[in-house]
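What follows is one structure encoded as structure tokens, with my remarks underneath.
The values are calculated or read from the model by the stated rules, or taken from the named source; none is laboratory data. Quick caveat: nothing in here was measured; it's all calculated off a predicted structure. Every residue, glycine as well, gets a Cβ built from its backbone with ideal geometry; the counts of neighbours run over all protein chains shown. Surface accessibility is based on the protein's heavy atoms, side chains included, excluding ligands, DNA and RNA. Shrake-Rupley method; radii C 1.70, N 1.55, O 1.52, S 1.80 Å.
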Amino acid sequence: MKHVLFASLLAISAAGAQPKWIEAESFANPGGWVLDTQFIDIMGSPYLMAHGMGKPVKDAETEVELPAGEYTLWARVKNWVGPWDAKGTPGRFEILVNGETLKHEFGVTGKDWQWEKAGPVKVSGKTKIALHDLTGFDGRVDALILSSDAGFTPSNDVAATNKMRRELLGLPDKAPETSEYDLVVVGGGYSGMGAAISGARQGLKVAFIQDRPVLGGNGSSEIQVWAQGGTRRGLYPHLGEIVEEFADRASNSPAADPQEFNDKLKEDTVRAEKTTDLFLNTHVYGVEMAKDGKNIRSVIGLNTKTGTETRFVGKLFVDCTGHGTVGALAGAEFMMEEKGRMGMSNMWVMKNLHKPVSWPKTPWALPLTLEDFPEPKAMAPVGKKNAANQSGFDLGYNPVPNPEEYVHGEWFWESGFDKHPINDLELIRDHNFRAVYGAVSALKTLKADKYADYDLTWLAFIGGPRESRRIVGDMILNGEDMVKGVIYPDGCVPTTWDQDLHYPKEQYAKNFPDNPFISRAEFGKHTDRKNGYPVPYRCFYSKDIGNLFMAGRTISVERHALGSTRVMRTCGMMGEVVGKAAWICVRHHTTPRGVYEQYLDILKDLMSQPGAMRRDTLEGNLYMPANAKKLPEVAQDGINPAKLVGIVIDDKEAELNGKWAHGEGLKPFVGEYYSYGSEKGASARFAFSVKQSGNYEVRIFFQPHENRAKAAPVTVLSADGEKTQTVDQTKKAPLPQGAYSLGTFKFNAGEEAAVIFRTTGAGGNVHLDAVQVLPAK
Ligand SMILES: Cc1cc2nc3c(=O)[nH]c(=O)nc-3n(C[C@H](O)[C@H](O)[C@H](O)COP(=O)(O)OP(=O)(O)OC[C@H]3O[C@@H](n4cnc5c(N)ncnc54)[C@H](O)[C@@H]3O)c2cc1C
């Protein structure tokens, strides 16, 4: 392939004029086309995409200077449903040269990225080029070539295309380099932000590289995942203070208004650090190793808008890419499941516009019926769903007045379980598109009575990946240690999320066995939510590459442990630790491993300091700046049973028979968690005895949810015998904190009494939290 290309290029040189290469992402005015940078590592480049969700987007326009003559135009495009031989052509678009539409519809044939030809066109001097979308359904274009040689044919091979791109754009073989940074952070999700801010506050000169125009990764407005994980607890309760400075307080995931994810707060918090240079729109695709072959000298970043490249030179590097890209490029050993991984999600939102909204036919989408996916749910009113919102912290946005007007496709719209998380990533995203468009078509045609007035208002074109490469560190944390509570000397970042892994939901998978698109979460073993399990520092650096740290999804953990450590506030705290360790490396001329072996006490001391503390020079002392941000109180998930009056029996002390799961999602709850279950025949006995005979009020605690029991049978065993009543746990309990009165009962001193819950006939999950017994008034 390469051979053919070179031959043709030489021929052109001989003929005189070189072909003109135009990057789509460099168009002066992208119009309504979005910049997609997710698949550079597989197809070679950022590209423009007409993501209008069924409505053609505005033209992208640019102007180029060309010698007068007759040209053939080539466009590198993709018929994105080609890989499935799907009926129809969603991604069609036209190209206009000086206002004249070329006679070729692009994006209609083929199965992969390919060059398509149109023309010839006559031009002279300044030439206007426009991309004219025809569908609003994700037509895409990487680059254009205008060639005056009618015999010129570019190769479809990715490597050959990239070589030609470099030549025609005149990029130097070796990209220019920066001066040396102390710390180069690659990837701008929560983990990267934690590392960049923490490193800067230790006086390090930081380069912070992110390939999107916004920070936040999965927690940005582009992807809209809620940041979870308890901060500010456990062995080092100041860890998480930096995260809380930039974390959003979004009420729904995804939300009615993307602003809830507060990209601005994230960027402002990073830009406030004067020793940090932030490089947005920069994708790291290569590394340059030091002469020893064991350390990284620089990472090579591609500017996703201009196509120019830079080598970012550093003493230390942090891989926060989520994909372990830097580690893999440097040759670090990594782990990755062959199949059965967690997948990628592209979440979505529909809004009720209260007037009929048309929706085009989508024969190329997945042919879904209403049985193939769960009906999207209305959003929760702002402030109800997310406890963080109740802390009084400034939300940083004005809540949408009627979030219930919206329905959303949430986290479980997930696919790619058995596909390769990097090489198949574009196929996974496009499969998600086919699923969502198929679902919208089904809702609007098969359930038109409800959805005729709804429009698809948001579909994330940037996917949220969950599981990819994990770089091997000096220690691989396994899930069992976490459950048993084995504490290591370098244990630090508290992980509080249960071991949550995702699998295709069987109910919806049967019609789409090749790539199911609806998942279920399986919560494995319980994690200590109150204090968190302290993840060891040795999971945060590569065992192979001397100057490489990791933070976020890509740390050195076995898969079950990843189920817990992957949530974003936890990832952010890993970054905080790495930033502090990097200072020790620079100040004491040591390596990430050296920090563990020789300077662990210093790291422990730094982790014990407030996140707002900073030093102005590498040698300077830490101090608390006068303008340090005030943080909200640590949110309390649990009601302390010791603070409730009367006799209190928590579900932790109840005698449980049959299958009951623990939960912490419905807040507040008494103690460390609540239990719930629906297995037929299961029961729970909350036993107690009173010290003085008399009449007592008996209360139970629960939080409502639509999947809870409509008629939970609850029996009180008192001096009067057994009395059973049913409680509707789908409805809010009338008393404060989720308390519900079962009435007044007589109990004799010293006799065993009990409240017994049963699942049989309950019609949903029975929710057990606590029983309270109070002297009757
Ligand atoms: C739908 C969904 C629901 C989830 N639910 C929750 C939840 O409720 N709460 C929760 O806390 N977590 C949740 N998670 C998990 C969580 O989002 C991830 O594990 C988390 O984002 C990991 O953070 P990170 O910083 O490691 O990576 P990311 O958030 O993925 O950030 C990595 C960033 O690096 C950038 N990048 C990647 N490669 C390069 C490169 N080569 N050069 C430059 N930049 C690069 C990416 O663009 C991205 O912005 C969910 C995930 C998904 C997908």
(message) What FRET efficiency comes out for Lys643 versus Leu235 if R0 is 22 angstrom and r is the Cβ-Cβ distance? Round to the nearest 0.05.
(response) 0.35
(request) Work out, in µm²/s and without decimals, the Stokes-Einstein translational diffusion coefficient of the stretch 13-84 at 37 °C, 0.692 mPa s, Rh from Kirkwood over C-alpha pairs. (result) 225 µm²/s
(message) Antiparallel versus total DSSP beta bridges in the chain: what percent is that, nearest 5?
(response) 85 percent
(message) What FRET efficiency comes out for Arg593 versus Leu666 if R0 is 41 angstrom and r is the Cβ-Cβ distance? Round to the nearest 0.05.
(response) 0.45
(request) Give the ranking of Arg429, Arg559 by solvent-accessible surface, highest area first, calculated with a 1.4 Å probe. (result) Arg559, Arg429
(message) Just to confirm my numbers, what's the Cα centroid distance between the stretch 448-526 and the stretch 749-774 in Å?
(response) 33 Å
(request) Pop a pseudo-label 7 angstrom from the Cα along the beta-carbon direction at both Lys777 and Ala380 and give the gap in nm to one decimal. (result) 3.0 nm
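Accessible area, 1.4 Å probe, largest first: how do Lys691, Lys777, Lys447 sort?
The residues order as Lys777, Lys691, Lys447, largest area first.
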(message) Rolling a 1.4 Å sphere over the protein heavy atoms, what is the accessible area per residue of the chain, to the nearest Å²?
(response) 40 Å²
(request) Let me have the relative contact order for the chain, percent, based on Cα pairs under 8 Å that are six or more residues apart. (result) 12 percent
(message) Given a 1.4 angstrom probe, I'd like the percentage of the accessible area of the chain that is carbon and sulfur, rounded to a whole number.
(response) 51 percent
(message) If I model a spin label as a point 7 Å beyond the Cα along the Cα-Cβ vector, how far apart are those points for Asn29 and Glu333 in nm?
(response) 5.6 nm
(request) Determine the calculated [θ] at 222 nm for the chain from helices alone, applying -39500 (n - 2.57) to every DSSP H run no shorter than 4 residues and normalising by the residue count; nearest 500 deg cm²/dmol. (result) -5000 deg cm²/dmol
(message) Using +1 at the C-beta of Lys and Arg and -1 at the C-beta of Asp and Glu, which of Asn621, Pro668, Gly563 has the Cα lying farthest in the positive direction of the dipole of the chain?
(response) Pro668
(message) Longer than 24 Å from Cα to Cα, which of Lys339/Lys659; Lys444/Lys731; Lys377/Lys450; Lys55/Lys126; Lys530/Lys731 are they? Say none if no pair is.
(response) Lys339/Lys659; Lys444/Lys731; Lys55/Lys126; Lys530/Lys731
(request) Normalise the Cα radius of gyration of the chain by 2.2 N^0.38 Å (N = residues in it) and let me know the number. (result) 1.05
(message) Quick check: with the 1.4 Å probe, what order do Val578, Val357 take by accessible area, largest first?
(response) Val357, Val578
